[in-house]
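Structure, as structure tokens:
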Amino acid sequence: MGQYYYIANMDKKEYLLVNRRAPGRKLLEIAMDRNAAQAILNRIAEEWKGDHVFLVGDYADLDDKKVIYFDTLREWCDRLHTPYTLYDYIDENFTGVEGEITDKGYRFIYNHEKKEYIDILHCPTYHTDDSGWMQNHISPLALLIAMGNGRGGGDYYNRENDKLVGSWCSSISTVEITREPIDDLGYTEIHPDFFLRE
């Protein structure tokens, strides 16, 4: 079965609507949708800057302590007094807010805790696999803050870099998104290069 996700701001108790649509979308449906990727980028750059924002899957629970986002998931389950999953809590208690899908020129995504950044222009807009088939862009930010990947259909599966999925959950509140580069930080530029592999 497929796993479905909310794009949720835990601090403001809001979830993101894209074209008035909210839950019921799978991780890759969100990450490969340019409107959704733009709405996530704009919201974290502006109204949700400094907040704890995650893509929370309905299968993201406390069963597997080895997943990279486990401590963050447990922390929020404890804070909200929900013993097992955040998805149902979000569904019952959060309010939907419409995302802005206009390209506002945001290009650089800085993670101040990890001292690394992504230049969106250095992320591939498509990949060509061994057979010459072109694949669409996958938003790196959406996958980096996802909880639940690998537990359902529509998730991101690629042995080359699937361990990166959810790796920014613990540090998302330190992320800053800018139009121009921030000089003299000395951060490492990373290239998640998310793409599908059969």
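Key figures
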quantity	calculated
Label selected from (i) 12.2; (ii) 11.0; (iii) 24.8, the criterion being mean projected area of the Cα convex hull in nm² as computed here	(ii)
Fewest-first sequence of Thr102, Thr85 by Cβ atoms within 10 Å of each Cβ	Thr102, Thr85
Relative contact order (percent, whole number), the chain, Cα cutoff 8 Å, 6+ residue spacing	30
Spatially proximal lysines relative to Lys26 (Cα-Cα < 20 Å; intrachain offsets below 8 disregarded)	Lys163
For the chain, calculated [θ]222 nm from helices alone, where every DSSP H run of n ≥ 4 adds -39500 (n - 2.57)	-5000 deg cm²/dmol
Listed residues Asn149, Asn42, Asn19, most fluctuating in the chain (Gaussian network, C-alpha, under 10 Å)	Asn19
Excluding exposed DSSP-loop trypsin sites (Lys or Arg not before Pro) (at most 14 other C-beta within 10 Å), longest clean stretch of the chain	116-158
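Here, each number is a calculation from the coordinates, and none is a lab measurement. Quick caveat, the model's predicted, so the values are computed rather than measured. Using ideal geometry, Cβ is built from the backbone for each residue, glycine included, and neighbour counts are taken over all protein chains shown.
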